[in-house]
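In what follows, a single structure is set out as structure tokens and then discussed.
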Amino acid sequence: MTAALLTLADARLPAGGHAHSGGVEQAIAAGIVHDPASLGTFLRRRLATSGAVAAGLAAAAWGADAAGLDGLDVEADARTPSPALRASSRQQGRGLVRVGRRAWPSDTWDALPALPHHAIALGVAAAAGGLAPCDAAQAAAYLSVSGPATAAQRLLAMDPLTVAALTARLAPEIDRVAASTTGQNGDVGRIPAASDPLLDLLAEVHAARKDRFFAS
């Protein structure tokens with residue numbers, strides 16, 4: 001089932017992720033990200049916060065029933081203080097459900113809320129694709145850094161090889177985050193609740209801009 005995991009983590013999956021920069025566009029505008037070193041710091045910061053939360057939610061959503069998924073969607077809202085980030089998460093969740101239903105037909109899709117958070121939809125997609133909870137967590141953790149890395153490469157005209165190497169070097173950290181959020185056994189209290197006020201603020205400023213290239 002490795003191919004299903006690769007598909008879920010592929011930026012080319014038409015789930016809307018390509019339209020989102022994961023906050024890096026505003027970080028670049030603010031001068032926080034300007035070179036490979038500062039991009040690496042940004043990606044690690046995002047992985048440790050929103051990446052960990054997404055990984056935990058995705059793992060918990062795997063195999064959950066409708067009531068469980070509704071509860072996890074509420075937990076996702078509580079762990080996402082920024083209204084702009086909540087909106088972008090639901091936009092990507094809707095996109096993933098649309099493609100996921102066609103890629104991996106399953107009754108499990110019917111248990112999702114009408115407009116789920118991306119991490120919740122990712123957990124259901126993993127289950128529908130025959131993957132395990134740890135796979136859902138890995139995909140969520142990886143996507144939390146791969147999207148911003150690609151966006152930064154485009155916005156700053158960075159060397160693609162440099163950015164690819166930077167992302168690859170994050171693999172051990174991605175694995176650690178995914179492993180630490182798997183095996184919750186339905187205990188929502190064990191889902192990470194890490195937040196980053198700076199990333200939340202950047203998201204709100206970005207949402208108010210009229211000249212942005214990315215939706216978030």
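Which whole-angstrom value gives the distance between the alpha carbon centres of the stretch 1-61 and the stretch 76-141?
A separation of 15 Å, based on Cα centres.
If each of residue 194 and residue 179 carries a label point 7 Å out from its Cα toward its Cβ, how far apart are those two points in nm?
Going from the residue 194 label point to the residue 179 one covers 1.5 nm.
Cα axis of helix 171-180 to longest principal axis of the chain: angle in degrees, 0 to 90, nearest 10?
Taking the Cα atoms of the chain, the angle to 171-180 is about 40 degrees.
Angle check, please: helix 197-207 long axis (alpha carbons) against the longest principal axis of the chain (alpha carbons), in degrees 0 to 90, nearest 10.
That helix lies at roughly 80 degrees to the long axis.
Could you size up the charge dipole of the chain around its Cα centre, putting +1 on the beta carbon of Lys and Arg and -1 on that of Asp and Glu, and report it in debye to the nearest 20? Please list the in-between numbers first.
Values: 18 positive and 19 negative charges, 98 e Å.
For this selection, approximately 480 debye.
Pairs of Cα atoms under 8 Å, at least six residues apart: use those to get the relative contact order of the stretch 7-141, whole percent.
Values: 168 pairs, mean separation 47.1, N = 135.
Relative contact order comes out at 35 percent.
Check each of the chymotrypsin sites (Phe, Trp or Tyr not before Pro) in the stretch 127-216 and keep only those in coil by DSSP with at most 15 other C-beta atoms within 10 angstrom; list them in order.
Values: sites: 142, 213, 214; in loops: 213, 214.
Here the chymotrypsin sites (Phe, Trp or Tyr not before Pro) that fit, given the DSSP loop and packing criteria, are 213.
What angle, in degrees between 0 and 90 and rounded to the nearest 10, separates the Cα long axis of helix 83-103 from the longest principal axis of the Cα atoms of the chain?
Tilt of helix 83-103: around 60 degrees.
Put +1 on the Cβ of each Lys and Arg and -1 on the Cβ of each Asp and Glu in the chain; which of 34, 201, 95 then has its Cα farthest toward the positive end of the dipole?
Most positive-ward Cα: 34.
Using a simple spin-label model with points 7 Å from Cα along the Cα→Cβ vector, what separation in nm is obtained for residue 34 and residue 168?
2.9
Per DSSP H run of n ≥ 4, the term is -39500 (n - 2.57); total these for the chain, divide by its residue number, and report the mean residue ellipticity at 222 nm rounded to 500 deg cm²/dmol.
On the way: 11 runs with 133 residues, N = 216.
-19000 deg cm²/dmol, from helical runs alone.
Read the figures in this text as sums done on the coordinates, not as results from a lab. Predicted, not measured: the structure shown is a model, and the values here were computed from it. Neighbour counts are summed over all protein chains in view; Cβ atoms, including those assigned to glycine, are modelled from backbone coordinates with ideal geometry.
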